[in-house]
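Below is one structure, written out as structure tokens, with a few remarks after it.
The values are calculated or read from the model by the stated rules, or taken from the named source; none is laboratory data. From a predicted model like this one, the values you see are computed outputs, not experimental measurements. When we count neighbours, we look across all protein chains shown, and the Cβ atoms used for this are built from the backbone with ideal geometry, even at glycine. These accessible areas exclude ligands, DNA and RNA; they are computed on the full protein's heavy atoms, side chains included. Shrake-Rupley method; radii C 1.70, N 1.55, O 1.52, S 1.80 Å.
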Amino acid sequence: MSKHHILMIPYPVQGHVIPLMELAQSLVNYDFKITFANTESTHKRIINSLGGKNILHDQIHLISILDESASGENNNVPGKLSEAIFKVMPGKIEKLIRETNAFEDDKITCVIADQSLGWALELAAKMGIKRAAFLTAAAANLVLGFNIPKLIDDGIIDNNGTPTIKDHIFQFEPTMPIMNTSDLVWTRMGNLTMQKIIFDMMVHNNKSVKSADWLICNSIYDLEPGAFNLAPEIVPIGPLLASNCLESSMLPPEAELRISSRESPNCEVSSVAGSFWPEDWTCLNWLDQQPLCSVVYVAFGSFTLFNEAQFEELALGLELTNMSFLWVVRNDALDAKTDVFLKFFMDRIGKKKGQIVSWAPQLKVLSHPSIGCFVSHCGWNSTIEAISNGIPILCWPYFADQFMNQSYICDIWKVGVGLKKEANGIINREEIKHKVEQLMGNAFKKRALQFKEMNMSSVKEGGRSHQNFINFIQWIKSS
């Protein structure tokens with residue numbers, strides 16, 4: 001009998017590609033064949049980071065399905081990228097499925113698509129193929145989307161998603177994030193035109209997502225009990241980083257035997273799969289030389305940009321802490337002035353005190369015993385990775401759902417703190433120093449370690465995520 005063939009379709013930005021790739025690496029241990037379809041630019045970046053390989057695993061095949069440049073949109077902007085995908089990609093995916101399914105022994109039997117790609121779920125339904133929506137963000141993000149009609153009825157937002165009351169605070173449930181109308185997913189997405197694009201996409205996707213056979217997410221019941229109570233159709237299978245490190249409880253017996261013959265589980269592949277930039281592993285050697293829980297790790301994901309004044313305040317704030325730091329500074333986040341400043345700054349403090357890399361193997365970094373806290377943009381992947389390793393978080397959200405995640409971290413879970421801006425919009429060096437020192441205390445570390453234990457228990461045998469994952473696999477394999 002031929003293998004079950006799964007077509008996986010991510011939204012083509014790094015924060016969405018990586019968790020879907022982690023899911024793919026978990027599924028192949030159960031004898032699935034996977035085709036991972038990306039846009040051309042995303043495909044090229046992943047291939048480059050993998051050293052030119054287009055086969056991540058002998059059963060995971062990476063393909064390019066769409067040249068975004070043909071759409072004429074600015075594809076560096078998430079809202080415009082969504083429009084470009086919606087214009088061109090459905091026809092390409094349908095053609096791929098029809099051509100593949102012309103061969104009896106290689107038919108695509110299931111489509112797993114990013115939940116923001118409602119059209120992909122609709123297409124799978126039209127073609128009679130099993131379909132699952134995958135949420136890469138917190139479950140609370142989708143609960144917000146499902147409650148858009150109620151927010152309109154309650155007069156909190158209008159039909160375009162524009163808040164009718166500035167800085168109105170609300171909360172759906174006591175264990176869910178405290179939300180501000182100025183910080184909703186779509187109101188933190190640039191100008192009004194861009195906000196409307198994201199808002200309309202969320203409204204459109206609600207119906208297709210709810211009609212999917214399965215709606216899975218990279219979260220944990222105990223992290224978001226309120227969200228899962230309000231939207232029980234969302235099924236958590238996270239944290240996926242644990243199953244990618246091939247915890248034996250997540251593997252079938254034959255896979256356990258394969259792993260046991262190695263020196264250690266293959267976590268290195270999972271830490272780079274889906275990355276848009278080559279990872280600099282030399283920073284791990286530097287971390288090996290640092291004392292336990294002494295290093296401040298600083299990384300802001302793939303989109304965050306700072307102006308010159310804020311960039312310098314961050315650097316000087318790190319210096320004021322008098323603590324060692326590992327700082328990820330993407331090449332595309334530097335201009336001529338900040339590049340010159342950074343060189344002088346590092347020459348002054350020396351490489352023993354701080355290390356700067358253009359991209360880091362984040363899972364490896366966060367699991368390193370020398371890391372004491374994480375200065376983060378609060379993307380969901382980074383949030384899950386940090387708390388699953390017992391690392392307190394200094395929150396510095398940039399856009400979209402990151403403000404919601406900050407509320408989880410600071411208000412609900414209490415494993416981190418936020419930062420206060422000055423009247424000029426800048427977070428100054430003294431504020432950075434004070435909050436880092438606060439986070440490096442024992443109280444935050446103790447609580448973060450409790451969350452680590454809770455998260456990792458969920459993927460062990462008997463855990464809710466583990467059982468959900470097994471049920472999901474059985475559904476795919478059922479006739």
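Check the stretch 209-223 and report whether any residue there is modelled with pLDDT under 95, open to solvent by 50 Å² or more (accessible area, probe 1.4 Å) and not β-branched (Val, Ile, Thr). Checked against the condition, which is being modelled with pLDDT under 95, open to solvent by 50 Å² or more (accessible area, probe 1.4 Å) and not β-branched (Val, Ile, Thr), the stretch 209-223 yields at least one hit.
Filtered by the rule that a residue be open to solvent by 50 Å² or more (accessible area, probe 1.4 Å) and either of a type in the set (D, E, K, R) or within 19 Å of residue 383 (Cβ to Cβ) (or both), the stretch 456-479 gives 457, 460, 461, 464, 477. Can you find a residue in the stretch 394-411 that is open to solvent by less than 20 Å² (accessible area, probe 1.4 Å), farther than 25 Å from residue 223 by Cα, touching a residue at least 40 places away in the same chain (Cβ under 8 Å) and in contact with a Leu (Cβ under 8 Å, 6 or more places away or on another chain)? No, the stretch 394-411 contains no residue that is open to solvent by less than 20 Å² (accessible area, probe 1.4 Å), farther than 25 Å from residue 223 by Cα, touching a residue at least 40 places away in the same chain (Cβ under 8 Å) and in contact with a Leu (Cβ under 8 Å, 6 or more places away or on another chain).
Condition check for residue 383 on (1) surrounded by fewer than 17 Cβ atoms within 10 Å (Cβ to Cβ); (2) not in a loop (DSSP other than H, G, I, E, B): one failure, at (1).
Pairs meeting the criteria (first residue in the stretch 355-366 and closer than 14 Å to residue 18 by Cβ, second residue basic (Lys, Arg) and surrounded by fewer than 21 Cβ atoms within 10 Å (Cβ to Cβ), beta carbons under 7 Å, at least 6 apart or on different chains) are 359/330. Taking the condition closer than 18 Å to residue 146 by Cα and in a helix (DSSP H, G or I), does residue 205 pass? Considered against the rule, which asks whether it is closer than 18 Å to residue 146 by Cα and in a helix (DSSP H, G or I), residue 205 comes out as yes.
Residue 350 - would you say it is among the small types (Gly, Ala, Ser) and either within 24 Å of residue 445 (Cα to Cα) or under 20 Å from the mean Cα position of the chain (by Cα) (or both)? No; evaluated as a whole, the condition is false for this residue. All conditions but one from (1) touching a residue at least 12 places away in the same chain (Cβ under 8 Å); (2) open to solvent by 30 Å² or more (accessible area, probe 1.4 Å) apply to residue 373; the one that does not is (2).
Output the residues belonging to the stretch 6-40 that are of a type outside the set (A, V, I, L, M, F, W, C), touching a helix residue (DSSP H, G or I) at 6+ places or on another chain (Cβ under 6 Å) and over 20 Å from residue 236 (Cβ atoms). Hits for the stretch 6-40 are 12, 39.
Here is a yes/no grid of residues against (1) touching a helix residue (DSSP H, G or I) at 6+ places or on another chain (Cβ under 6 Å); (2) hydrophobic (A, V, I, L, M, F, W, C):
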{"site": "336", "(1), (2)": "no, yes"}
{"site": "350", "(1), (2)": "no, no"}
{"site": "370", "(1), (2)": "yes, no"}
{"site": "373", "(1), (2)": "yes, yes"}
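Check residue 130 against each of (1) over 20 Å from the mean Cα position of the chain (by Cα); (2) at pLDDT below 90; (3) open to solvent by 10 Å² or more (accessible area, probe 1.4 Å); (4) within 20 Å of residue 37 (Cα to Cα) and name the one condition it does not meet. Of everything listed in (1) over 20 Å from the mean Cα position of the chain (by Cα); (2) at pLDDT below 90; (3) open to solvent by 10 Å² or more (accessible area, probe 1.4 Å); (4) within 20 Å of residue 37 (Cα to Cα), residue 130 misses just condition (2). Selection of the stretch 435-448 for residues being more than 24 Å from the chain's Cα centre (by Cα) and in contact (Cβ under 8 Å) with a residue 24 or more places away in the chain yields 435, 437, 440. Residue selection: residue 191 fails the criterion of being farther than 14 Å from residue 116 by Cβ, in contact with a helix residue (DSSP H, G or I) (Cβ under 7 Å, 6 or more places away or on another chain) and open to solvent by 50 Å² or more (accessible area, probe 1.4 Å). Criterion applied to 453, 431 was being acidic (Asp, Glu) and open to solvent by less than 60 Å² (accessible area, probe 1.4 Å), and the one residue passing it is 431. The listed residues are 314, 366, and the only one of them that is in contact with a Lys or Arg (Cβ under 9 Å, 6 or more places away or on another chain), under 20 Å from residue 438 (Cβ atoms) and of a type in the set (A, V, I, L, M) turns out to be 314. Taking residues in the stretch 449-468 that are farther than 20 Å from residue 439 by Cα, and partners anywhere that are among the aliphatic types (A, V, I, L, M) and modelled with pLDDT of 95 or more, the pairs with Cβ atoms closer than 7 Å and at least 6 places apart or on different chains are 455/220; 455/387; 458/220; 465/220; 465/237; 468/235; 468/237.
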